[in-house]
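Read the figures in this text as sums done on the coordinates, not as results from a lab. Since the structure is predicted, the reported quantities are computational estimates derived from the model, not experimental observations. Note that we place each Cβ from the backbone using ideal geometry, even for glycine, and neighbour counts take in every protein chain shown.
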Amino acid sequence: MKKAEEILARLLEKGPAGAPAFHSLFGGWQEIAGPSLAEHCRAYEVRHHSLLVEADHPGWMQLFLMQKKPILARIRQRFPQLDLRDIKVRVNAAGARSAGKPRPPAQAQVPQAAPEAPSVEPPAPPGVPPSAEIQEALAPVGDPDLREKLRLLLQELERRGAEAPD
């Protein structure tokens, strides 16, 4: 019995021009999106010059959207023949109903205080060390750039929560 990967590769070799690029794009998704995002965000189709991606939780969709430009740039560099112009992301409505409920990303668990007026204070500078809670939440994030952006976001949320009136 042949592996599905072998059968698909053979079919794609005979398919239309650009089909090997589709195969490589979907097969190399973890490398393109990064292991953390790829585990929760699945590329499933290319339609009208857009890559369609499905996230298993709204928090993962937000994290993906924060990395959309660099991911699209990597895809364009590796697969210029696909002529991708956009990435569209949606939340898989069935994801929460599947056998294992998807876990939200760590920052989705941080309580968010909605300030009445927009804050004019700058976010925490890059040199400020994160709290133990933030360090623990960021531990599973493998991508250093994403981890730094999330650290800044979480520190800002933590700061705003500390300023909020009880």
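Between Q30 and R76, what's the calculated FRET efficiency when r is the beta-carbon distance and R0 is 22 Å? Round to 0.05.
That pair, Q30 with R76, gives E of 0.75.
Take each of the peptides 61-71, 140-150, average the number of other beta-carbon atoms within 10 Å over its residues, and list them starting from the highest.
With the highest mean Cβ count within 10 Å placed first, the list reads 61-71, 140-150.
Ranked highest first by the average count of other Cβ atoms within 10 Å around their residues, in what order do 152-160, 76-84 fall?
Top to bottom by mean Cβ count within 10 Å: 152-160, 76-84.
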